[in-house]
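The values are calculated or read from the model by the stated rules, or taken from the named source; none is laboratory data. Note that the coordinates shown come from a computational prediction; the quantities given were computed from them, not determined experimentally. FYI the Cβ positions are ideal-geometry reconstructions off the backbone, even for glycines, and counts take in every protein chain you see. Note: accessible area is taken over every heavy atom of the protein model, side chains too, but ligands, DNA and RNA are not part of it. Shrake-Rupley method; radii C 1.70, N 1.55, O 1.52, S 1.80 Å.
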Amino acid sequence: MLRLWGHKNSSNVQKVLWALDELKLDFERVDAGGPFGRVKDADYLTLNPNGLVPALEDGPLVLWESHAIVRYLFARYGSPPLQPSDLGERARADAWTDWQFGTLWPPVRALLVQLLRTPAERRDQGAIEGARRAALAALGILDRELARHPWAAGEYFTLADIPLGVAAQRWYNLPLDRPALQHVDAWYGRIKRRPGFERWVDLPLT
Ligand SMILES: N[C@@H](CCC(=O)N[C@@H](CS)C(=O)NCC(=O)O)C(=O)O
């Protein structure tokens with residue numbers, strides 16, 4: 001039985017929950033991190049030495065880093081078209097998965113911290129505007145890609161759409177001035193219809 005460690009409000013745990021749902025895998029989940037603590041306990045640190053969630057146990061195999069976990073699950077349990085058999089297509093999905101962490105997520109996370117977790121009187125308007133513009137610039141790149149095909153890596157939903165969808169859910173639910181992005185908006189409409197997204201990701205922001 002797969003065992004996932006991590007609380008349901010964590011963006012990185014949500015990626016794994018959504019992946020498990022797409023792959024129709026049975027699993028048990030143990031609350032950890034955030035209000036549940038325990039991530040700095042010695043026994044948890046043997047699962048994830050960073051003291052962060054998520055961590056995944058698959059029998060004797062223990063994994064951490066959400067994107068590595070999602071990649072493992074798709075490689076181990078996925079089949080085409082969810083997990084493309086063509087290595088070039090898989091690499092394209094990997095590229096967008098890495099791009100989420102390196103390019104899209106930092107400004108979206110900065111917006112979350114400012115707009116949701118910082119009292120109004122202490123918010124840095126310059127930082128908010130800078131992050132909004134950086135997120136928009138990144139989403140512009142994604143928009144041009146999505147003009148060519150319906151999902152991030154091509155014609156089919158793949159693991160790449162999971163981290164991107166988690167970041168997009170934050171973007172679309174933050175109180176922000178959001179100019180229309182024709183192709184990203186249409187893709188997000190498709191994302192919203194994935195049952196795994198609805199079940200695990202499309203929750204009130206915390
Ligand atoms: N790069 C790591 C980041 C993990 C991470 O930052 N997790 C956050 C939650 S999203 C965490 O554990 N924070 C401490 C806590 O929740 O107690 C991953 O993708 O797994």
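Listed values, structure above:
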{"read-out": "Added length on full extension, which subtracts the Cα-Cα distance from 0.36 nm per residue, residue 193 to residue 3", "value": "65.8 nm"}
{"read-out": "Solvent-accessible area per residue for segment 88-206 (1.4 angstrom probe, square angstrom)", "value": "48 Å²"}
{"read-out": "Of the trypsin sites (Lys or Arg not before Pro) in segment 128-196, those whose Cβ has at most 13 other Cβ within 10 Å and which sit in DSSP loop", "value": "148, 193"}
{"read-out": "Accessible surface of segment 70-199 [probe 1.4 Å, protein heavy atoms]: carbon and sulfur percent", "value": "51 percent"}
{"read-out": "Rounded to the nearest 10 Å², the accessible area of residue 103 at probe 1.4 Å", "value": "60 Å²"}
{"read-out": "Under 13 Å from residue 15, Cα to Cα: aspartates and glutamates that are on another chain or at least 8 residues apart", "value": "65, 161, 198, 202"}
{"read-out": "Rounded, prolate or oblate (a/c below 1.5 giving rounded, otherwise prolate when a/b exceeds b/c) for the chain by Cα gyration tensor", "value": "oblate"}
{"read-out": "Per residue solvent-accessible surface (Å²) - segment 2-77, probe of 1.4 Å", "value": "46 Å²"}
{"read-out": "Cα→Cβ-extended label distance, 7 Å offset, between residue 40 and residue 118, nm", "value": "2.4 nm"}
{"read-out": "Segment 2-77: projected area of the alpha-carbon convex hull, averaged over directions, in nm²", "value": "4.4 nm²"}
